[in-house]
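One structure below.
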Amino acid sequence: MSGFFPAFLALIVAAIQNGTPLLFGTMGEILTEKSGNLNLGVEGIMFMGGALGLAGVFYYEKSAANPSGVLAVVIALLCAFLAGALASLIFSFLTISLRANQNVTGLALSIFGTGVGQFIGEYMRVREGGYIAISNALKGVFQNSPFPAAMQQLPVVGPVLFGSSIFFYISLALAIGMYFFLNRSRKGLYLRSVGESPATADAAGINVIRYKYVATVIGGGISAIGGMVYIMTIAGCVWNHEGLSGVGWLAVALVIFCMWRPLNAIWGSVLFGALMILYLRLTIPFLPTQLYKILPYVVTVLVLIVSSLRNKKENQPPASLGLSYFREER
């Protein structure tokens, strides 16, 4: 037992680290889906966010004589958010204005975004003649905890509560803020009404098109930040064109797992983070690694089956999810 607890504690800390990018990706997709839009392009959006976030920091450090860690974090956040927002704006125009099929458009965006992200990463690598990475000093800003060492060394709670990167605490604040926005604000109520019944919301005077556009664009920007966080924390601030493979799809699965609730996404992302790295912590000789990696999807399917059997309204997706709104049919 003496060796079990430290190992379990280390698993939780690693799960938080691996779950943080998922939390950003999931929250962005929750916001998008609450408006009735189903954006399956999260994988591509996160690729773009990871590549452009790293690019922004890399070229900032290259051009600055004395680069600031705080400014580097802000640049990474902005570059990733803008990349995701631009990709989601294209998706919004196609699916909201032109009423294209959301499933097909989302899959196309996933392929397109993945290609754009890989192109940018490889272009930088070829142009610079080697790996694209930032200095160890800036790596510490992105990967280390913002809290003092004394707080991180507190027994039991120190590593769990105070040992994560700054992005985990940003994602926590964002999840809590999104919960209050969706459930305690008038505009959040309007957004949910647009996702449930756009015709009713339109009849009540709510600008359906505006809410769908804004939610989808901002949601895509938040998801893209998750890609940047993955590259800057888990991938070691080094571009790897295969590093993000599958993370965006896990984020989409986590949306279903957490029942479209931002607060559930917090512990859900930690659980998925643990499942992602379980093969490194709990090795069973006769069990293939691939079986470990499908565990998050298996859990999601089980939760989906259970929630469907219970048939509770609060556990179901927005009623108009994935459906184009035709005002003429109102």
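Spatial offset of the stretch 219-237 relative to the stretch 65-90 amounts to 10 Å, using the alpha carbon center of each.
Of the trypsin sites (Lys or Arg not before Pro) in the stretch 1-109, the ones in a loop by DSSP (not H, G, I, E or B) with at most 13 other beta carbons within 10 Å are 99.
Relative to the current alpha-carbon distance between residue 181 and residue 156, full extension at 0.36 nm per residue lengthens the span by 5.7 nm.
Where does each of 83-90, 182-189 land if you order them by average Cβ count within 10 Å, highest first? Kindly include the intermediate steps, with their values, before the conclusion.
Numbers: 83-90: 24.2, 182-189: 12.9.
Going by the mean number of other Cβ atoms within 10 Å, highest first, we get 83-90, 182-189.
Let me check something: with ligands and nucleic acids excluded, how do 128, 61 order by accessible area (1.4 Å probe), largest to smallest?
Values: 128 60, 61 35 Å².
Result of the area sort, largest leading: 128, 61.
Oblate is the label for the stretch 1-153, because a/c, from the alpha-carbon gyration tensor with a ≥ b ≥ c as root eigenvalues, is 1.5 or above and a/b does not exceed b/c.
Would you mind getting me the FRET efficiency between residue 74 and residue 203? Use the beta-carbon distance for r and R0 = 35 Å, nearest 0.05. Computed FRET efficiency for residue 74 and residue 203 comes out at 0.25.
Loop sites here are chymotrypsin sites (Phe, Trp or Tyr not before Pro) outside DSSP states H, G, I, E and B with no more than 11 other Cβ atoms within 10 Å. The longest part of the chain free of them is 132-285. Does the stretch 51-122 come out rounded, prolate or oblate, given a ≥ b ≥ c as the square roots of the eigenvalues of its C-alpha gyration tensor, rounded meaning a/c under 1.5 and, failing that, prolate meaning a/b above b/c? Verdict is prolate for the stretch 51-122.
How much FRET efficiency would the formula 1/(1 + (r/R0)^6) give for residue 93 and residue 319, where r is the Cβ-Cβ distance and R0 is 30 Å, rounded to 0.05? Before the final figure, lay out the partial values.
Values: r = 24 Å, r/R0 = 0.79.
Approximately 0.80, to the nearest 0.05.
Kirkwood-based Rg over Rh for the stretch 167-317 (C-alpha set), two decimals?
1.02
If R0 is taken as 30 Å, the Cβ-Cβ distance between residue 326 and residue 305 corresponds to a FRET efficiency of 0.40.
Surface calculation, 1.4 Å probe, protein heavy atoms: residue 79 sits at approximately 40 Å² accessible.
Report the local net charge at residue 189: Lys and Arg +1, Asp and Glu -1, summed over other residues whose C-beta lies under 13 Å from its C-beta. Let's see the in-between values first.
Values: positive: 34, 184, 186, 187, 192; negative: 196.
Around residue 189, the surrounding residues sum to +4.
The values are calculated or read from the model by the stated rules, or taken from the named source; none is laboratory data. Worth saying up front: this structure is predicted, and the values here are computed from it rather than measured. Note that we place each Cβ from the backbone using ideal geometry, even for glycine, and neighbour counts take in every protein chain shown. We work out accessible area using only protein heavy atoms, side chains counted, and drop any ligands, DNA or RNA first. Shrake-Rupley method; radii C 1.70, N 1.55, O 1.52, S 1.80 Å.
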